[in-house]
Ligand code: ADP
Ligand code: MG
């Protein structure tokens, strides 16, 4: 587990400034939700934390370690995407263990990690199935399993539920939160859905056009919105 310290981070693509100085302190073990309208820079920020985008300015630290120039593979960070491509020809167990296999971890150890993750996610009876034989929710759980087996210091989620139907989305919110309760790992969770943010977050960071409008516990944003944008975004119907 580790804290994440995002300090005055900026990102430009050519002449376009996409992130204009973002600072966030994520405590060890916190569940922080980044929320904001489409295009405000949420994915870009997560990708920078994961090392998938370069940093145009500022610093990102995980624990005491400056991440700015650390290659993605050397960061103890796991990312769960919306379009979690599972390998169709592999079983659930093989999908979950694949990154460990690449790291040349012994088979027995991989099996143990996969079984532990499967137990947490309720996937134990499905370990020998292939992705085509799974429901959307089960596939999403496998995608989370792939992240869990790596024992990351930080989990990053980028709109992991947006491909699921409304009912399943509500169920998966609860599952991700209980995963957090159980692992107590630091999690940064991106969504454009203010209800998801209000129900899941320890701390909400509301972004707009590359800046933070307000950050704080859900009730604070709800009861004491800092400006009209916050009030409009948080208070709009689902
Ligand atoms: P969000 O995830 O909040 O919807 P993004 O981080 O995906 O927003 O994108 C923020 C802005 O950055 C958008 O205007 C998007 O078009 C732009 N952007 C993202 N990636 C690139 C890129 N590789 N090149 C140019 N512009 C990009
Ligand atoms: Mg995005």
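The values are calculated or read from the model by the stated rules, or taken from the named source; none is laboratory data. Everything numeric in this text was worked out from a predicted model, so none of it was measured. No Cβ is skipped: glycine too gets one built from the backbone with ideal geometry, and neighbour counts run over all protein chains shown.
Just one of the listed residues (72, 106) is at pLDDT below 95 and more than 16 Å from ligand 2 (Cβ to nearest atom), namely 72.
For the stretch 153-196, filtered to residues that are part of a strand (DSSP E or B) and more than 16 Å from ligand 1 (Cβ to nearest atom), the residue that is nearest to residue 33 (Cα to Cα) is 187.
To keep it simple, each residue is scored yes or no on (1) within 16 Å of ligand 1 (Cβ to nearest atom); (2) touching a strand residue (DSSP E or B) at 6+ places or on another chain (Cβ under 7 Å).
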{"site": "5", "(1), (2)": "no, yes"}
{"site": "13", "(1), (2)": "yes, no"}
{"site": "56", "(1), (2)": "yes, yes"}
{"site": "78", "(1), (2)": "no, yes"}
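Is there any pair linking a residue in the stretch 174-191 that is closer than 18 Å to residue 77 by Cα and modelled with pLDDT under 95 to one that is within 16 Å of ligand 2 (Cβ to nearest atom) and not in a strand (DSSP E or B), with Cβ under 9 Å and at least six apart or on different chains, and which? Listed pairs, sorted by first residue: 176/160; 176/161. In this entry, residue 107 passes the filter for residues that are loosely packed, with under 14 Cβ neighbours inside 10 Å, more than 15 Å from the chain's Cα centre (by Cα) and within 27 Å of residue 139 (Cβ to Cβ). One residue stands out among those in the stretch 189-202 that are more than 16 Å from ligand 2 (Cβ to nearest atom) and touching a helix residue (DSSP H, G or I) at 6+ places or on another chain (Cβ under 8 Å): the one that is nearest to residue 23 (Cα to Cα), which is 201.
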